[in-house]
Amino acid sequence: MRQIIFKTFFFILLSFFFFNCATYWNNRRKDFQDIFTVGFEAPGFGAGLRVGPASVGLAFLGGETAPGKLDKGSGVGLRGGRFGFYKSQQLTFFLLGGETFYSDDVKYDSDGNPEIEKGLPKLNSERDNIKSHKSRYLTLYFDPIKDRRKEKRDDVKFAIIDELAKKTDDPAIKAYLPKREKKPHGYSKSYLFQVEIYAGIYYGLRLGFNFAELVDFILGFTTIDILDDDVN
């Protein structure tokens with residue numbers, strides 16, 4: 001009887017270890033893929049360079065899209081830590097413009113329409129939702145003061161309540177934790193550290209490197225997740 005109990009306990013412990021180990025290495029693989037961007041897109045015309053939220057060039061990629069509809073521009077390659085097809089739309093007019101990006105794994109409602117939230121379709125993968133973005137260039141410098149203050153207050157409130165919940169070990173306290181928006185400005189934390197070049201004559205090429213994702217990948221081996229993108 002003792003042997004049966006011991007073997008059962010050992011089996012459960014071993015299964016738990018391998019499950020978490022697989023999750024750990026899957027997150028490390030995704031973090032590594034986040035560093036690089038290599039994509040082929042169409043339609044697209046022109047060329048440009050983006051360093052963080054600032055972009056320079058003259059380019060129009062993806063075509064126009066009707067409100068509430070999916071973007072027309074399509075791409076394939078490695079982008080947002082994911083290999084496969086994605087949707088991409090971008091306008092760069094010297095220092096002005098903006099862009100939209102999300103994977104093609106879109107969530108649809110019962111009527112077959114894409115579920116749209118804050119100008120972006122919801123995706124089936126939580127991690128893909130984190131990496132998708134919709135932004136206008138240079139908005140970092142025009143971020144309203146009241147929004148920045150509210151964001152800081154929520155961060156302080158979250159830290160205090162989270163620390164209190166850990167000390168008291170009372171799950172009821174966690175109910176008072178404020179909801180943290182991972183993309184308060186329409187893009188993830190890593191967006192501000194992306195360096196990217198793109199060019200095309202109908203068919204285009206996009207190449208990029210992200211310095212924050214590189215740091216996140218290295219620190220990830222110690223289970224530190226500075227970009228909050230490790231998803232179980």
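Listed values, structure above:
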| item | result |
| --- | --- |
| Over region 156-232, relative contact order from alpha-carbon pairs under 8 Å, at least 6 apart, % | 18 |
| Segment residue 136-residue 76, length gained on full extension (0.36 nm per residue, minus Cα span) | 19.3 nm |
| Members of 150/189; 118/157; 30/166 lying beyond 19 Å, as alpha-carbon distances in this model show | 118/157; 30/166 |
| Gain upon complete extension [residue 228, residue 32; 0.36 nm per residue less C-alpha separation] | 69.1 nm |
| Mean separation of Cα contacts under 8 Å (6+ apart) over length of region 73-232, as relative contact order % | 15 |
| Relative contact order (percent, whole number), region 76-140, Cα cutoff 8 Å, 6+ residue spacing | 31 |
| Förster-model FRET efficiency, 35 Å R0, residue 45 and residue 146, C-beta, rounded to 0.05 | 0.35 |
| Hz values of 3J(HN,Hα) by residue in region 29-37 - Karplus curve (6.51, -1.76, 1.60), Gly and Pro given as x | 5, 5, 4, 5, 5, 4, 5, 10, 10 |
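We did not get these values from a lab; they are worked out from the coordinates using the rules stated. Model, not experiment: these values are computed from the prediction. Cβ sites come from the backbone with ideal geometry, for glycine too, and all protein chains shown count toward neighbours.
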